[in-house]
Structures are given as structure tokens and as C-alpha cells.
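Trainee: Please read through the structure below; I'll follow up with questions.
Every number in this text was worked out from the coordinates using simple rules, so none of it is lab data. Quick caveat: nothing in here was measured; it's all calculated off a predicted structure. A quick note on method: Cβ atoms are made from the backbone with ideal geometry, for glycine too, and the neighbour counts reach across all protein chains shown.
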Amino acid sequence: MAETLRELDSADVNALDISKRYVNKKGIIAFILYDIANSISTGDFERFNTDALKLKASMFTLANTIVGIWDIINDTFTGVIIDKTRTRFGKFRPYLIACALPAATIGLLKWFGCYIFPTDAAANASMAKFIFTLICLFLSETIGTFQNVAKTGLLATMTPNPEERIWLAARSAQLSAVVDNIPGIIINLIYDMMIQNKIKISYKGFYTSIATVVTIVSVSLSLYFFMNVRERVVQSIEKPKVKDGFISIFRNKPMRIILLSEFLGAFAVSVSKNDYYIDVLGMSSFGTLTEVPAAPVSVISYGWINAMRKRFSNKSLWILTSHMDAVINIIAFLFGIIGGTGEKGWYNQRWKMFFILFPAEFVRKTFWGVKNVIPGEVLYESIDYCEWKDPNGIRNEGVILTAKGLMTKLVSNTTGSLKAWIKSLFGYDYYSSGSQSQKVKFSLFALSFMLPAVMSLISVFPKFFYNITPEVRAQMYSELQTRRELVTLRKIDISEEKSGEEGNV
Amino acid sequence: MNCPVCGTKIKFWDWRQNCRKCGTNLFLHDFNNRLREESVQAEKDFLWWTNMTAQFMDYGVKDKISLFRLISSVLPLILLCMPVITFNGSTMIYLNFLLDSFGGGTFFPEGFSLGNMTQYTLFLPAFFLLAVSLFAATLAFFSVVVGPAFMNFRAAAIFELIGTLCASAGTVMFNFFSVESLSALNPSVSASFGLYIYCAVMIAETVFMIRFVSYSKKFKALN
């Protein structure tokens with residue numbers, strides 16, 4: 001067989017044209033629908049516990065903490081398992097179908113728990129209910145991790161054409177942006193009418209109905225996606241070893257930069273802007289008011305991704321869009337402190353802040369499309385870079401994607417509790433909501449605008465060293481295509497040799 | 001599915017990459033040729049998508065009248081942020097669910113319940129008609145957005161017409177209902193100014209959309 005492989009020369013290979021498109025109409029529609037289905041949430045499980053399941057708050061927090069730890073642990077092996085998967089459907093597709101039904105069953109069980117266990121005050125510390133909730137959350141988390149990695153990995157391999165991949169990501173995000181808020185608005189409306197007794201639906205009925213509808217839609221679209229999409233990037237012949245994935249991450253500069261940047265970015269602790277809107281401006285919907293007029297711009301902004309890509313490299317757009325919020329926050333802060341940090345400061349005045357944040361939102365939404373598509377593309381091209389640099393052409397999407405998530409989770413799980421501590425540190429009075437002292441008001445303004453901006457800017461530095469320039473990218477994809485073709489021929493060789501040997505036996 | 005080389009039947013749950021009988025790699029068999037075949041169809045499909053987008057740009061946005069049509073179709077939905085029904089003389093009932101998402105909770109006033117309104121013969125049917133009208137206006141808006149991509153300009157006119165008829169019928173019924181409720185010494189409920197403005201705009205929109213159908217024949221000829 002070695003002879004056969006040596007004989008194969010890249011010049012003999014009639015490589016595929018990677019400027020062509022490979023995903024048909026059904027594939028495009030399936031991907032968009034699946035993306036939309038993924039963005040529809042079954043609801044807030046914590047709220048469900050308060051309203052319907054009624055498990056003691058401390059037990060519920062304990063269950064979530066255990067699952068949070070499990071979330072970090074399972075990231076260490078999920079990627080490896082996926083990377084070692086080789087089936088006739090590919091590497092990622094099987095997880096879509098294998099996880100769809102278990103995810104639906106566990107998902108429904110989780111919400112129907114309120115019918116299985118008593119929900120009266122006496123049963124709020126029930127150990128059976130706690131164990132049931134813990135198992136459901138545990139299984140949901142595990143299956144969810146497999147589904148998420150498979151979905152992202154599938155997008156990276158749906159087409160060998162990187163331009164088509166960007167186009168697909170942009171179109172699905174654009175169409176999702178139009179419709180994915182609608183279910184949330186309807187659900188909130190029904191919830192409000194229910195709690196105001198305008199319509200008679202029980203909490204249990206409300207949550208389980210939504211869970212059932214969302215689960216049915218989600219499973220159906222997962223299966224439709226599975227039927228209509230296939231993987232079009234060849235995986236290496238050898239299944240990667242466990243260490244291969246980690247070596248690949250640390251050996252390749254773009255991957256190191258992405259992970260380092262994610263890690264540093266996770267330190268961007270902030271106080272919620274909502275606290276500022278409520279406690280300083282006295283209006284919880286202030287953020288919505290400034291965002292809504294610019295909402296159509298965010299949908300349209302997907303239309304100029306190509307124009308921006310022609311003018312700027314992925315690296316420049318990645319840096320620009322990842323840190324645009326930080327720059328806008330700093331500008332808003334500087335305007336906000338006109339008039340001083342006391343009562344006369346602009347940050348205390350609703351109308352002045354509206355005229356500062358309203359145009360800022362327009363600028364932010366102008367780059368919304370690029371922000372939602374380019375960081376993803378930077379990740380995908382880095383995965384391709386690892387394949388390009390690997391002598392055996394091994395792709396480690398699974399390990400890379402889970403490692404990326406792990407970096408953020410390690411920090412955010414630790415810093416998550418810091419918010420409350422920071423607020424207390426600056427003298428926030430939890431019992432006098434809406435009437436904080438002037439000093440605290442200014443602190444809230446600074447903590448919600450300036451602090452996240454400064455912290456986020458730390459993660460910009462590694463990005464400057466990102467080395468996939470347009471020239472490198474062009475060379476990489478050209479060589480990769482020939483190499484993938486070779487891998488395909490080599491694989492067929494091995495299969496034929498195996499079948500020949502079996503025939504001789 | 002059968003193995004493309006030896007013809008062995010492969011069951012759906014047999015996910016192995018290689019055929020258990022001849023060892024053919026089922027994922028990679030004829031991989032590149034299949035990709036080339038798929039590419040032909042994908043290119044055609046992309047052309048369909050590009051045409052659709054071009055049609056949307058040419059007949060939905062570029063032309064001044066078309067752009068006006070797009071912007072004006074949002075107007076009825078915004079107008080429903082105004083109160084549509086006056087309840088008990090002062091408090092108002094709104095119909096636009098968008099208000100609710102602002103956290104105002106102003107959809108129905110305090111002490112009001114749809115269930116209690118069954119005592120009034122015409123309230124629920126009239127309210128239902130308004131809801132249908134809002135739904136039709138929403139569909140009309142989506143038709144205006146999507147229609148040009150498919151060269152369909154009629155759907156929006158039909159939805160606007162349905163919306164107008166329902167809103168007008170609802171307004172008339174609310175006025176009858178108002179008299180009935182006063183005579184029965186129940187809380188007064190009547191059509192509010194917002195509903196009249198909404199009806200007027202809906203009528204204007206319907207006339208405009210119907211006129212636009214004949215105007216759009218020019219587009220079809222060009223296309």
C-alpha cells in the first residue's frame with residue numbers, strides 16, 4: 001500500500017474547485033431552520049422552580065453548582081470522543097440524531113417533574129425531587145455539550161468552500177434575528193397575562209406546554225437537518241490520539257491566540273447595565289428603548305459583511321467587532337461624566353443619556369452582522385490551519401471547541417459571584433432599591449460602562465499576533481483542497497486493500 | 001441503503017464507516033464525484049437565491065413607491081400602541097403586544113378579565129375581530145417584505161383588506177356594545193380614538209396596496 005501512496009502525487013489529483021458552492025437549497029433551509037430552532041428557549045428553569053417545581057432554593061443552587069462542575073469536567077472528554085468518531089454519516093451528524101430523542105425525553109422529564117412530585121410547601125426539601133432534578137440537569141448538560149460541539153463542528157465541515165461557510169452563517173444568523181425574538185415575546189405576554197389573572201392557565205400547564213411545543217419543534221428540525229445536510233470535509237485516516245488534540249492547540253499559533261484571548265476576555269467582570277438603568281435612571285426598560293429603534297439595522301447589517309471583508313482582513317474585523325462594545329462604553333462613559341460625578345453629571349439624566357446611547361446603539365448594530373459571523377469564521381479557519389499544519393491532516397474540532405468553552409467557563413464560574421461582591425464593595429444598599437446614594441450611583445455607572453470596557457481591552461493584545469493573513473489563507477485553502485483529495489484516495493486505497501485481503505483469506 | 005460495491009444491505013442503525021462485508025468506506029466512496037454532482041445543483045440553487053435577493057432589492061426597496069409601501073406597511077402595527085378600547089370611562093385597553101415587552105404591563109387595565117366579558121354579547125366577537133385584524137396587518141407587513149422576492153404583490157393587498165374589514169366590523173360592534181353596556185349598568189366599554197385612527201390608516205393602506213397591484217404589472221413586464 002505504501003507504494004500506492006507514494007505514487008500519488010498532488011499533480012495527478014483533479015482537485016475540487018473550492019470557489020464553487022456545495023450546499024443545496026434543502027441544506028440551506030435545513031440549516032437556517034435548525035439555527036432558528038436552537039435559538040428558541042424552553043424557558044428559565046430557575047423561574048420554573050420558583051413557580052412550579054418548588055424545590056428548596058438552597059437545594060436548587062446545590063444541584064446547579066454540581067452540574068456547573070460537571071460541565072467543566074465533561075468538556076475534557078466530550079471533544080475527544082467526538083474527534084474519535086468515524087461513521088458512515090461522518091463525524092458530527094450521528095450526534096444530531098443520537099442526541100435528539102434522549103435530549104427531548106430528558107428535556108420533557110425535567111419540566112414535567114412538577115406533575116411527578118408533590119409541589120406543596122412540605123415537599124420543598126424532598127430528597128427524591130432533588131435527585132430527580134440533579135439527574136435531569138446532569139443529563140441535559142451532558143447531551144447538550146455533545147449537541148453543541150456537533151452543531152458547530154458540522155458547520156465547519158458542511159462545505160469545503162470557506163466563502164460559502166461565511167455566507168451560510170450570515171444568512172442563518174440574519175433570518176434567526178428576524179424571527180427568534182417572536183416566541184420569547186409571545187411567551188412573556190402569556191406569562192404576564194397569566195400572573196395578572198387575565199387568562200386562566202396554571203404555572204404547571206404554562207411551563208409544560210411551552211416545553212412540549214419547543215421540544216417537538218426542536219427534535220423535528222434536528223431530524224430534518226440531519227436528513228438534508230452532510231459533511232463535506234474529509235477527516236484523517238487515523239483516529240486522533242487523546243494528546244493529539246491538545247498538542248494541535250498548543251502547536252498552532254492562531255489557536256493559541258484564540259484560546260488566550262477567550263481566557264483573558266472571560267475576566268471582563270462587570271455590573272449589569274440594568275442595575276444602572278434601574279438605580280440611576282429609574283427605568284428598567286431604558287436599555288430596550290435605546291436598542292429597539294436600531295433593531296432593523298442589525299438585520300440589514302448582515303448584508304454588508306462581504307463588502308467589509310473585501311476591504312478588511314478577518315483579523316482586523318475580528319479585533320474591531322470584538323472590542324467595539326468596549327470603545328462605545330468608554331465614549332458613553334466620557335460623555336456621561338460631563339457635568340461631574342455628582343448630581344449634575346449627565347449620567348444622572350435620562351434624556352441626555354438617551355441621546356448618547358441611542359446613536360451608540362446604531363453604530364453597534366451597524367457591525368452586528370460582522371460581529372456575529374467573523375469571530376466564528378476566525379475559529380473555523382484556525383481549525384483548518386491546524387489541519388493544514390498537521391503532517392497527517394488530523395482535524396480536532398471536538399477538542400478545540402470544548403477547550404475554547406472550557407477556558408471561558410473556568411474563569412466565569414469563578415468570577416460569576418464577584419458581581420454582588422463588587423456592588424457591596426462600592427456601598428450598594430440591597431434594601432433601598434432605586435434610592436442609592438450619589439456616590440453609589442456614580443460607581444454603578446462606572447462599573448457597568450468603564451469596568452467591562454477596560455477588562456475587555458486586555459484580551460485585544462493577543463489578537464494582534466493572529467497570523468492568518470489573506471495570503472496565508474489563500475495558500476492554506478488551496479493546499480488543503482489538494483491534500484483532502486489525496487486523503488480521500490488514500491482511504492479508498494486502504495478500504496480496497498482490506499477488502500482484497502479479506503477476499504484472499 | 002445498500003453497499004455501492006458489493007450490494008450488501010446496510011441497516012439504518014449500522015453506523016460503521018466500512019461495509020461489514022467488503023470493507024468499502026461508505027463515507028468516502030465516490031466522495032469527490034458526489035461532491036462535484038452536488039456542486040452542480042448547489043450552484044443552481046444559489047442562483048435561485050441570488051435572483052430572489054435581486055428581485056427584493058429591485059422591486060421592494062429601490063423604487064421610491066415600493067420603499068414607501070414597505071415603510072407604510074409598519075404604520076398600522078405602530079398605531080396599535082395607542083389605546084383601542086376605553087374601559088370604564090378612563091382606563092384603556094391596548095392591543096399591541098409589543099407594549100408588553102417594554103415591561104409596562106399595560107395590555108389590559110387593572111380589574112379587567114376577558115373571562116368576565118362574556119356577559120356582554122358583542123365584546124368577545126368584537127375583540128376577536130380586532131385580534132384578527134392585527135394578525136392580518138402583521139401578515140400584510142411580512143408579505144410586503146417577502147413578496148417582491150417572489151414577485152407577489154397581491155398577498156399584501158388581500159391581508160390589508162381582511163384587516164380593514166375586521167377592524168371596521170369590530171369598531172361598529174364596539175359602538176353598539178357601548179350602548180348596551182350602559183343600559184345594563186355595567187362598566188362602560190367603547191371604541192377609543194386609537195381604533196378610529198387605526199381603521200382610517202388601514203383603509204388608506206388597503207386602497208394603496210390595491211393600486212400597487214396594478215402598478216406592479218410594470219415590474220412583472222420588466223422581469
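Trainee: Helix-only mean residue ellipticity at 222 nm, chain A, DSSP H runs n ≥ 4 weighted -39,500 (n - 2.57), per residue, nearest 500. What is it? Walk me through the intermediate numbers first.
Mentor: Numbers: 23 runs with 363 residues, N = 505.
It comes out at -24000 deg cm²/dmol, rounded to the nearest 500.
Trainee: On to the next question. Where nothing but the Cβ of Lys and Arg (+1) and of Asp and Glu (-1) is charged, how large is the charge dipole of the stretch A:137-292 around its Cα centre, in debye to the nearest 20?
Mentor: Dipole size: approximately 480 debye.
Trainee: Can I ask one more? I'm checking a number: the convex hull volume of the Cα atoms of the protein assembly as shown, normalised per residue, in Å³. What is it? Don't jump to the answer; show the numbers that get you there.
Mentor: Details: hull volume 148.5 nm³, N = 728.
For the protein assembly as shown, the hull spanned by Cα atoms encloses 204 Å³ per residue.
Trainee: If the reach is capped at under 20 angstrom between alpha carbons, list the lysines near B:Lys44, excluding any in the same chain fewer than eight residues apart.
Mentor: In chain and number order, the partners are A:Lys20, A:Lys25, A:Lys26.
Trainee: Same structure again: Rounded to two decimals, what is the ratio between the C-alpha radius of gyration of the stretch A:189-287 and 2.2 N^0.38 Å?
Mentor: 1.90
Trainee: Given contacts defined as C-alpha pairs under 8 Å and at least six residues apart, what's the relative contact order of the stretch A:11-159, whole-number percent?
Mentor: Working: 84 pairs, mean separation 56.7, N = 149.
Relative contact order comes out at 38 percent.
Trainee: Let me ask you something else. For the ranges A:172-184, A:376-388, what's the packing order if you count other beta-carbon atoms within 10 Å of each residue, average per peptide, and put the highest first? Show your work: numbers first, answer last.
Mentor: Numbers: A:172-184: 17.3, A:376-388: 21.8.
Descending mean neighbour count gives A:376-388, A:172-184.
Trainee: Quick one: dipole size for the protein assembly as shown, taken about the Cα centre, charges +1 on Lys/Arg Cβ and -1 on Asp/Glu Cβ, in debye to the nearest 20.
Mentor: Here the protein assembly as shown has a charge dipole of around 360 debye.
Trainee: Two-decimal Rg/Rh of the stretch A:108-163 from alpha-carbon positions, Kirkwood Rh?
Mentor: Reported Rg/Rh, Kirkwood definition of Rh: 1.32.
Trainee: Also, quick follow-up: If you take the square roots of the eigenvalues of the alpha-carbon gyration tensor of the stretch A:372-428 and sort them as a ≥ b ≥ c, do you get rounded (a/c under 1.5), prolate (a/b over b/c) or oblate?
Mentor: Details: a/c = 5.51, a/b = 2.97, b/c = 1.86.
Verdict is prolate for the stretch A:372-428.
Trainee: Ok, one more. How many Å³ per residue does the convex hull of the Cα positions in the stretch A:338-449 occupy?
Mentor: 154 Å³
Trainee: Ranking A:Lys129, A:Lys204 by Cβ neighbours within 10 Å, fewest first, what do you get? Can you show the working numbers first?
Mentor: Details: A:Lys129 24, A:Lys204 18.
Ranked by crowding around the Cβ, least crowded first: A:Lys204, A:Lys129.
Trainee: Taking the Cα centre of the stretch A:54-115 as origin and charging only Cβ (+1 Lys, Arg; -1 Asp, Glu), how large is the dipole, in debye to the nearest 20?
Mentor: Taking the Cα centre of the stretch A:54-115 as origin, the dipole is about 240 debye.
Trainee: Hey, another quick one. On average, how many beta carbons from a partner chain sit within 10 Å of the beta carbon of a residue in B:29-36?
Mentor: Partner-chain Cβ atoms within 10 Å, mean over residues of B:29-36: 6.
Trainee: What value does the stretch A:385-482 have for Rg/Rh, both radii from Cα atoms and Rh as Kirkwood defines it? Don't skip to the answer; put the middle values down first.
Mentor: On the way: Rg = 22.1 Å, Rh = 17.9 Å.
My calculation puts Rg/Rh at 1.23.
Trainee: Once you have the Kirkwood Rh of the stretch A:10-112 from its Cα pairs, apply Stokes-Einstein at 10 °C and 1.306 mPa s and quote D in µm²/s. Intermediate values should be presented prior to the final figure.
Mentor: Values: Rh = 18.1 Å.
D, rounded to a whole number, is 88 µm²/s.
Trainee: Select from A:Thr133, A:Thr469, A:Val370 the residue farthest towards the positive end of the dipole of the protein assembly as shown; place +1 on Cβ of Lys and Arg, -1 on Cβ of Asp and Glu, and compute about the Cα centre.
Mentor: The one lying farthest along the dipole's positive direction is A:Thr469.
Trainee: Let me ask something else about it. When only C-alpha pairs under 8 Å and at least 6 residues apart count, what is the relative contact order of chain A, in percent?
Mentor: Reported relative contact order: 27 percent.
Trainee: Would you be so kind as to identify which of A:Trp304, A:Ile328, B:Val189 lies farthest towards the positive end of the dipole of the protein assembly as shown, taking Lys and Arg as +1 and Asp and Glu as -1 on Cβ and the Cα centre as origin?
Mentor: Value computed over the given set: A:Trp304.
Trainee: Average partner chain C-beta neighbours within 10 Å, per residue of A:81-88? Display every interim value, and only then the final one.
Mentor: Details: counts 0, 0, 0, 0, 2, 6, 6, 15.
Partner Cβ neighbours, averaged per residue: 4.
Trainee: Something else about it: Taking the radius of gyration and the Kirkwood hydrodynamic radius from Cα positions alone, what is the Rg/Rh ratio for the stretch A:138-214, to two decimal places? Intermediate results must be reported in sequence, preceding the final value.
Mentor: Numbers: Rg = 18.1 Å, Rh = 15.7 Å.
For the stretch A:138-214, the value is 1.15.
Trainee: For the stretch B:1-93, report the convex hull volume of the alpha-carbon atoms normalised per residue, in Å³, without decimals.
Mentor: Details: hull volume 18.1 nm³, N = 93.
Output value, Cα hull per residue: 195 Å³.
Trainee: With unit charges on the beta carbons (Lys and Arg positive, Asp and Glu negative) and the dipole taken about the Cα centre of the stretch A:363-482, which residue among A:Gly405, A:Cys386, A:Pro452 sits farthest to the positive side?
Mentor: Ranked along the dipole, the leading option is A:Pro452.
Trainee: Kindly identify the stretch A:297-355 as rounded, prolate or oblate by the Cα gyration tensor criterion: order the square roots of the eigenvalues as a ≥ b ≥ c, call it rounded if a/c is under 1.5, otherwise compare a/b with b/c, prolate if a/b is larger, else oblate.
Mentor: Prolate, because a/c is 1.5 or more and a/b exceeds b/c.
Trainee: What's the percent breakdown of Cα-Cα distances in the stretch A:334-385 across 10 Å bins, shortest bin first?
Mentor: 23, 27, 20, 17, 11, 1
Trainee: Related question: Classify the stretch A:61-146 from the C-alpha gyration tensor, please: rounded if a/c falls under 1.5, else prolate or oblate depending on whether a/b exceeds b/c.
Mentor: In terms of gyration-tensor shape, oblate.
Trainee: Given R₀ = 25 Å, FRET efficiency for A:Met227-B:Arg20 by Cβ-Cβ distance, to 0.05?
Mentor: 0.60
Trainee: Let me ask something else. Give me a single rounded figure for B:12-20: the average over its residues of other chain Cβ atoms within 10 Å of their Cβ.
Mentor: On the way: counts 1, 0, 2, 9, 3, 10, 7, 3, 0.
Shielding by partners across B:12-20 averages 4.
Trainee: Can you spot the lysines whose alpha carbon is less than 25 Å from B:Lys218's alpha carbon? Ignore those fewer than 8 places along the same chain.
Mentor: The reachable lysines, counting only those whose Cα sits under 25 Å from B:Lys218, are B:Lys62, B:Lys64.
Trainee: Continuing with this model, one more query. Distance check, please: which entries in A:Lys352/A:Lys441; A:Lys56/A:Lys419; A:Lys204/A:Lys423; A:Lys273/A:Lys315; A:Lys371/A:Lys404 exceed 26 angstrom between their Cα atoms?
Mentor: On the way: A:Lys352/A:Lys441 16 Å; A:Lys56/A:Lys419 24 Å; A:Lys204/A:Lys423 35 Å; A:Lys273/A:Lys315 29 Å; A:Lys371/A:Lys404 18 Å.
Long pairs (Cα-Cα over 26 Å): A:Lys204/A:Lys423; A:Lys273/A:Lys315.
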